[in-house]
Amino acid sequence: MKLVSYKTEDREHLGVFVNGHIYNLNSCDKQIPNDMNSFLKDAEVLMERALKIDAGIKSGAIEPKEEAFYEVIAPVPHPSSCRDGYAFRQHVSTARRNRGLEMIPEFDQYPIFYFTNHNAISGPGEIECMPDHFQRLDFELEAAIVIGKKGRNITAAEADNYIAGYMIMNDMSARTLQMEEMMLNLGPAKGKDFSTVIGPWLVTPDELEAYKVATKAGHTGNTYNLSMTCRVNGKQVSAGNMADMDWTFAEIVERCAYGTAILPGDVIGSGTVGTGCFLELNGTGLLNDANYQPQWLEDGDVVEMEITGLGRLSNTIRKADSDFSILALKK
């Protein structure tokens with residue numbers, strides 16, 4: 001099932017996406033709330049009701065009214081929190097190599113994550129960025145999960161049961177701001193807090209069963225063979241696979257939930273897939289060719305991410321009508 005959040009006349013709704021059409025779930029079952037956050041708070045009960053509606057629409061047993069005029073927004077427009085992991089070894093090792101650093105052994109000892117701004121979530125469409133963001137503006141190709149029930153001190157063996165669904169994530173990054181502030185060993189913060197893009201819909205685990213593959217030796221949790229690509233202005237720049245995650249989402253959830261509660265509506269990203277950002281690609285290009293021309297995102301660029309089974313997430317980068325700069329305020 002593909003759960004989608006959308007707007008009609010500035011009102012948010014919850015629907016199901018079937019064969020290119022959106023159908024409102026509340027109109028099919030009044031016990032299902034008309035927004036994603038309320039749905040996730042009681043997802044253990046409501047998910048089964050929604051799955052029955054989805055199956056009924058697909059079989060023709062239910063003939064709901066199709067939404068005609070709508071704007072698709074982030075599947076979870078108001079997450080209770082947003083964390084991002086660091087699960088792809090290829091990305092980490094390549095980025096470190098490009099900076100002349102050895103691979104850090106701690107990567108293979110435990111999964112890590114950071115908190116980002118859950119109030120800066122957006123979905124398909126335009127992404128407005130400030131002038132300082134365009135100082136080496138970057139995308140990051142990732143997958144993400146949404147938590148569907150509250151839990152604490154969850155083991156990796158049981159963690160997949162807490163995942164309500166999967167989606168694409170673009171962890172937008174302002175690299176100049178990021179690199180400057182992280183020299184002080186704190187962050188990332190301003191380099192990341194302006195936009196995290198998720199979408200286009202939330203895909204429930206049952207839809208991914210056909211893509212399940214063996215998990216890497218020594219690890220626990222579900223692994224899926226899902227191709228990941230990113231195009232900028234129609235040109236493919238990144239390619240990877242979700243099966244290449246060296247830490248599973250279940251293992252990341254285990255760490256997130258240690259000594260604290262994870263909540264319905266929490267969003268957790270995988271971290272960047274190998275080749276999944278210009279920072280990595282530019283570093284590799286310059287390492288191999290001194291004349292390589294680095295590329296960064298610019299005003300008007302169209303970023304399209306696609307993951308098998310999870311859909312296509314498209315955004316257009318726009319520059320805000322402002323000349324305000326915090327980089328210019330440095331002492």
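Taking the C-alpha atoms only, the angle from helix 278-288 to the longest principal axis of the chain is near 40 degrees. For region 172-274, what does the alpha-carbon gyration tensor say about shape, rounded, prolate or oblate, given a ≥ b ≥ c as the root eigenvalues, a/c under 1.5 as rounded, and a/b over b/c as prolate? It is oblate, given that a/c is not under 1.5 and a/b is not larger than b/c.
This model, with +1 at the C-beta of Lys and Arg and -1 at the C-beta of Asp and Glu, gives region 81-329 a dipole about its Cα centre of some 300 debye. When the alpha carbon gyration tensor of the chain is reduced to an equivalent ellipsoid, its three semi-axes come out at 33, 24, 18 angstrom, largest first. Cβ-Cβ distance of R152 and S325, R₀ of 51 Å, FRET efficiency by 1/(1 + (r/R0)^6): the value works out to about 0.75. Only the Cβ atoms of Lys and Arg (+1) and of Asp and Glu (-1) were treated as charged; on that basis the dipole of region 202-279 about its Cα centre amounts to roughly 340 debye. The Stokes-Einstein estimate for region 2-72, based on a Kirkwood radius over Cα pairs and taken at 20 °C with 1.002 mPa s viscosity, is a diffusion coefficient of 177 µm²/s. Here the chain carries DSSP beta bridges of which approximately 85% are antiparallel, counting only pairs with both residues inside.
First check a/c for region 126-238, with a ≥ b ≥ c the square roots of the eigenvalues of its C-alpha gyration tensor; if it is under 1.5, answer rounded, and if not, answer prolate when a/b is larger than b/c or oblate otherwise. Because a/c hits 1.5 or more and a/b exceeds b/c, region 126-238 counts as prolate.
Sequence-ordered 3J(HN,Hα) estimates for region 13-19 from the Karplus curve with 6.51, -1.76 and 1.60 and θ = phi - 60° stand at 9, 10, x, 10, 9, 9, 6 Hz, glycine and proline given as x. Expressed as an acute angle from 0 to 90° and rounded to the nearest 10, what is the orientation of the C-alpha long axis of helix 43-59 relative to the principal long axis of the chain? Tilt relative to the chain: about 70 degrees. For region 125-223, the number of Lys pairs with C-alpha atoms closer than 30 Å, counting only pairs eight or more positions apart or on separate chains, is 7.
All of the numbers you see were taken from the coordinates with simple rules; none came from a lab. Quantities reported herein were computed from a predicted structural model and do not represent experimental measurements. For neighbour counting, all protein chains shown are included, and Cβ atoms are generated from backbone atoms with ideal geometry for every residue, glycine included.
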